[in-house]
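The values are calculated or read from the model by the stated rules, or taken from the named source; none is laboratory data. From a predicted model like this one, the values you see are computed outputs, not experimental measurements. Here the Cβ is made from the backbone with ideal geometry for all residues, glycine too, and neighbour counts use every protein chain on show. SASA here: full protein model, heavy atoms, side chains in, ligands and nucleic acids out. Shrake-Rupley method; radii C 1.70, N 1.55, O 1.52, S 1.80 Å.
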Amino acid sequence: METVSLNHITEIISWLFLAYGAIVCAGYIFSAVVSFLEIREYKRSNGLRDEISLLQSTSLPSISILAPAYNEEANIVENVRSLLTVNYPSCEIVVINDGSKDGTITKLIESFHLVEDDSVYADILPSKPIRKVYRSTYKSFKNLRVVDKENGGKADALNVGINVSKHDIVCCIDVDCVLESDALLKLIKPFLNNEKKVIASGGIIRIANSCTIEDGKIIEVKLPEKFIVRAQIIEYFRAFLMGRMAWSRVDGLLLISGAFGMFDKETVIEAGGYNTKTVGEDMELLVRMRRLMRRKKVDYAVGFIPDPLCWTEVPPNWTILHRQRNRWTRGTAETLWMHRGMIANPKYGVLGMLSTPYWLFFEWLAPIIEFLGILFFILLMVLGQVNWIFVLGFSLVAYTFAVLYSVTALFFEEYSFQQYKKTKYTYKLVLTALLEPIFYHPFILWSALKGNIDLMRGKNNWGTMSRTGLGKVGDKVVVKQ
Amino acid sequence: MSFIDNIVQDWPWPLKVNAFFAILFFFLVAITILSLVFLRVYKNRRERNKRHYWDQIDTFLNNGLFDDTFDLAKETQRFKASHLVTPLQKKVAIREILVYNENLKGESSEILKNLFHDLGLDEFTISSLTDGKWYDKAKAIYVLSELQVKKAKTVALYLNDKHETVRAQAIYYYIKTADKNPLGFFGKLKKELTLWELIQLEDCLKFVYQGPVPDFSKWLDHQLNTVLVFSIRMIQQFDQYEHMERLVPFLDHQDERVRAEAIKSLRKLHFEGLLDVVVPRFLTESRLVKKEIIKTVETHGDLELLRGLRPALSIKEEWQTNLMYLRAEKRMQPTLES
C-alpha cells in the first residue's frame, strides 16, 4: 500500500516536471516565431536610406548621456574620450563618479581640464550628496560634465545624473561601452517616429571581447577563443534576438539593458527614478514606468531596436560571471516581488498576463525548478525508482531542445545582422551551442541558485565587477578576453 | 521496420513520447544547422555574385560616363541583353547607379538617369511598385525619388498607405523630385506626420531639393497640426519675415505644439511685441509653452521681466518650468548664487 502511494506521488511529481518542461518549450517556440516576424519586418522597413545624414539636423532633440563610474581609474580617460566621439548633433555627456576609492576623479580632472561648474541643477530625485560638479575649460570637451558624489551605487549615481542633466531625453550607459556611430540616432528614432508617447527605448547589446576597436569604434568583430565568452554570445543572441524581440512585438518588454537605454526624463522622474534598494534597477525602473503610464491611462510605447548599437565586455572568467548572474537573479526576484501585484493581473494586459508570469516562471523559477528536479532525481535513485531508459530519453529531449533553441538563435543572427563574418566562426558557434548545455548551463544554474540563497540571506550589493578593459595594441585597441 | 516496431511496442508510452520528441528535436537541430550553413554559403555566394555584377556595372558606368570613345547606345543594349537578366543583376545595377548618382552632379547625373531608363531599370522598378509587396513598393519609391523619375500620379496613391515605410517614402518622393512647390503633397495628406518625418522633410528640403524656396505660409490653413508646426518652423528657418504677422494668430491655437512653435519662430524672427503678447498669458499656459515664454523673455526681455514671471511659478508648478526659470535667471545674472 505504502509503495503504491509513493509510486503515485512520484508519478504526479514527474508529470508536474514534465508539464513545466512542455510549457517552457511551447513558450520558447512561440517567442522564436514572434521574434522572427519582428526581425523580418524590421529588416524590411529599414535600410532604404542611410539616415546618418540626419545627424546634421538641428531639429533632433538634445540628449544627456549618463555614465556612472566607480573605481574606473585604469580606463576612465579612454572610455570618456570614446564617449566624446559619439556622433549626435546635440548631446551632453555626464560622467558620475560614484565616490570611487581610487583616482578616477583626479584622472578626469587632470585629463579633461575640469573646473567647478556652478550651473543650476535639479534636486528632484533623492540621492547621496553631490560633492562637486565639473565642466571642462577646453572647447573640445564643452559637452562634458563630471559629477563627483558620495558612493551610493549605480542606481543612486544614475539618479544624480538625471538630476544634473540638462536635456529631456536621457541615455543611461555603462562608461566602458563602445557605441556604433549612429547608435543614438537609431535609439532616439522610436521617440520621434511614434504616435504614442514613448517612455523608453533600448537596443541589442553585443559582446566586444576580442573585437578590434579603433578610436572608440568597433573595426572588426572577432569570435573570442574562450568557451565561456562564446557561450555568453549565444546566450545574448537567445536573449535579445529571440526574447526581447518577441516581447517588443507584443508590447510586453520589461527590461531595457542597463548598459544602454534611452528614457524620457520626465516619466523617469515622475516614476521616482532608479530604485537604490535593488540590484536589478534597470528592470525595476521600466516596470515602474510602465505601471505609472497604465495608472495614468496614457497611451504609451517602449521602443526596441534590433540593430547592434552597443558593444560591451562580458565576464571573461567563471568567478566574475558567477557574481554577475548571482546579481541578475537577485535583481529579477526583487523586481518581481516589488511588483507582485502585476503578476497574472488582467488589469495590466500583456504585462500582467504574459510578461510577469513569464519572468516569474521561466526566468526566476526555472533554475529553482531545475534544481528541485535534480534533487527529485537523486531521491528516486535512492529509492531505487529510476528507470534509466526513461532518464536517457528525457535527457535527450532536454538536450536536443536546448541545442535547437541555441542554433535557432544563431540562425536568426545569420539571417539578420551576420556580425560574425567568417565561416569558421559559424562552425565554432555551432560547436559551442552543442557543448553549452553540458558545460555552461549547469554553472549558470548554480549561480542563479546562489543568487536566490544570497537574496534570502539579505545580500544586497553588486559584488566586484572587475573588467580587463581596453588594452592598446599599436594604434588599435583590442578588448581582451 | 518490423525490427524497430518489435522494440518500440514493448516500451511504455511516456518513453515513446520522449523518443519521438528526442528524434524530432534532433532532426530539427540538424535541419537548422544545415540551414544555417546553407544560409552562410548562400550569402557568401550571393555576395560573390554581387561583387561580380558590381564590377560589370561599374566598368560599364565608368566607360559610359567618362570614356568619349564608348558607343553608349550600342553598349547599353548589349549590356542590357547580356548582364541584366536576373532580378539580382538588376537590383545590383540599380544600387550602383544610386551610388554614382549620389556622387555625381550635372551632366554625368543626367547620363545616369538616362541609363537607368535605357537599361530598362525604370520598368523593373515600376513593376515592383505596382505589383510588389509593401517593402518592394517602399524601395521602388525610394529609387524613383533618388533618380528623380517623374511618376507623381502613381506615387500619390501611396501617400496615405497603411504601411508607415511606404507612406514615408512617398512623402519624401515628392519633396525630392519637385522642381518647384515641393510641399504640394501636403494637400493630399490625411494623417498627422511624426516628428521623425518632419525632421526628414526638413533635411530633404534643405539638402536635396534644388528649386526655389516655397512659400510656407500657403500651408498655414492646413487641417493637420503637424503640417502647421512644420510650416511655422520653416518660415523661421528660411527667414520668411514677410509672413511673421501671419504667425501671430497661432499663439491662440488650441494645440500647444502649434502655440509653442509659433512663439519659438516669432522669437527667432525677432518679432516686435512678442513679449507683450506672451508674458501676460504665462500663468495660464501649458508647460511646453511656458518653456518657450521663459526662453523668449531670456532672449528679448530683461531680468526684471523674467522675475515678473516668478509669482506664476507656484509651488505646485512643475519642476521643469521652475528649473528652466532658475537657469534663465542665472544666465541673465551670472553672479547670482545658485
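Some notes on this structure:
- Helix axis angle, B:287-300 relative to chain B longest principal axis, alpha carbon, degrees: 60 degrees
- A simple rule links phi to the HN-Hα coupling: the Karplus curve 6.51 cos²θ - 1.76 cosθ + 1.60 with θ = phi - 60°, which for segment A:281-288 gives 4, 5, 5, 4, 5, 5, 4, 5 Hz, with x for Gly and Pro.
- Taken about its Cα centre, segment B:85-211 carries a charge dipole of about 380 debye when Lys and Arg each add +1 at the Cβ and Asp and Glu each add -1 at the Cβ.
- Taking 0.36 nm per residue of separation and subtracting the current Cα-Cα distance, fully stretching the chain between residue B:206 and residue B:295 would add 29.5 nm.
- Going from the chain on its own to the full set of protein chains, segment A:401-421 has these residues losing 30 Å² or more of accessible surface (heavy atoms, 1.4 Å probe, no ligands, DNA or RNA): A:404, A:407, A:411, A:414, A:418.
- Principal-axis analysis of the Cα atoms of chain A puts helix A:183-192 at an angle of about 80° to the longest axis.
- Gaussian network model of chain B, Cα within-10 Å springs - most flexible of B:85, B:248, B:258: B:85
- Cross-link partners of residue B:290 among lysines, defined as those whose alpha carbon lies under 27 angstrom from its own and excluding same-chain residues fewer than eight positions apart: A:166, A:189, A:196, A:197, A:265, A:296, A:297, B:264, B:268, B:316, B:330.
- Candidate aspartates and glutamates - alpha carbon under 15 Å from residue B:191, same-chain residues fewer than 8 apart omitted: A:195, B:161, B:164
- Once the Cβ-Cβ distance of residue A:77 and residue A:53 is raised to the sixth power relative to R0 = 35 Å, the FRET efficiency obtained is 0.65.
- In segment A:50-94, comparing the full protein assembly with the chain on its own, the residues that lose 10 Å² or more of accessible surface at a 1.4 Å probe are A:51, A:54, A:56, A:57, A:58, A:59, A:60.
- Difference of contour (0.36 nm per residue) and Cα-Cα distance, residue A:219 to residue A:37: 62.5 nm
- Spin-label pair residue B:6/residue A:338, simplified geometry with 7 Å Cα→Cβ offset, distance in nm: 6.5 nm
- Phi-derived couplings, Karplus 6.51 cos²θ - 1.76 cosθ + 1.60 at θ = phi - 60°, listed residue by residue for segment A:64-81: 9, 8, 10, 10, x, 9, 9, 6, 10, 2, 4, 10, 4, 5, 4, 5, 5, 4 Hz, with x used for Gly and Pro.
- Placing R0 at 22 angstrom, the Cβ-Cβ distance between residue A:266 and residue A:130 gives a FRET efficiency of 0.55 after rounding to 0.05.
- Of A:186/B:90; A:424/B:90; A:43/A:421; B:105/B:206; A:43/B:80, pairs whose Cα-Cα distance is over 20 Å: A:186/B:90; A:424/B:90; A:43/B:80
- Surface share of carbon and sulfur [accessible, 1.4 angstrom probe, percent] for segment B:85-211: 51 percent
- In terms of its alpha-carbon gyration tensor, the protein assembly as shown comes out oblate; a/c meets the 1.5 threshold, while b/c is at least as large as a/b.
- Looking at the protein assembly as shown, the DSSP beta bridges with both ends there are about 50 percent antiparallel.
- In the elastic network of chain B, a GNM with C-alpha springs shorter than 10 Å, the most mobile of B:33, B:263, B:111 is B:33.
- The modelled label-to-label distance between residue A:427 and residue B:99, using points 7 Å beyond Cα along the C-beta direction, is 3.1 nm.
- Placed amide H near residue A:132: partners under 5 Å, 5+ positions off or other chain: A:148
- Amide N proximity, segment A:422-445 versus residue B:47 label position 7 Å along Cα-to-Cβ, cut-off under 18 Å: A:422-430
- Angle in degrees between helix B:13-66 and the longest Cα principal axis of chain B, rounded to the nearest 10: 70 degrees
- Between B:272, B:292, B:318, the residue with the greatest mean-square fluctuation in the GNM of chain B (Cα pairs under 10 Å linked by springs) is B:318.
- Shielded by partner chains, segment A:116-164 residues - at least 20 Å² of accessible area, 1.4 Å probe, vs chain alone: A:118, A:120, A:122, A:124
- Think of a 1.4 Å ball rolled over the protein heavy atoms: the protein assembly as shown then has 46 Å² of accessible area per residue.
- Once you reduce segment A:7-30 and segment B:219-266 to the center of their Cα atoms, the two points are 63 Å from each other.
- Lys/Arg +1, Asp/Glu -1 at C-beta; segment B:192-338 dipole; positive extreme among B:240, B:210, B:319: B:319
- Carbon-plus-sulfur accessible fraction, chain A (probe radius 1.4 Å, protein heavy atoms only): 59%.
- With a Förster radius of 35 Å applied to the C-beta separation of residue B:110 and residue A:46, the computed FRET efficiency comes to 0.70.
- Cα shape, chain B, gyration tensor, a/c 1.5 rule: oblate
- At full extension, residue B:322 and residue B:27 could sit 99.7 nm farther apart than now, given 0.36 nm per residue minus the alpha carbon distance.
- Table column - 3J(HN,Hα) (Hz), segment B:188-199, Karplus curve with 6.51, -1.76, 1.60, x for Gly and Pro: 9, 6, 10, 10, 4, 8, 7, 4, 4, 5, 4, 5
- Interchain or long-range residues, amide H under 5 Å from residue A:307's placed H: A:204
- Global form of segment B:85-211, assessed from the alpha-carbon gyration tensor, a/c cut-off 1.5: oblate
- Where A meets B: accessible area buried, both sides, 1.4 Å probe, Å²: 4900 Å²
- Averaged over the residues of peptide B:200-212, the number of Cβ atoms from other protein chains lying within 10 Å of each residue's Cβ is 2.
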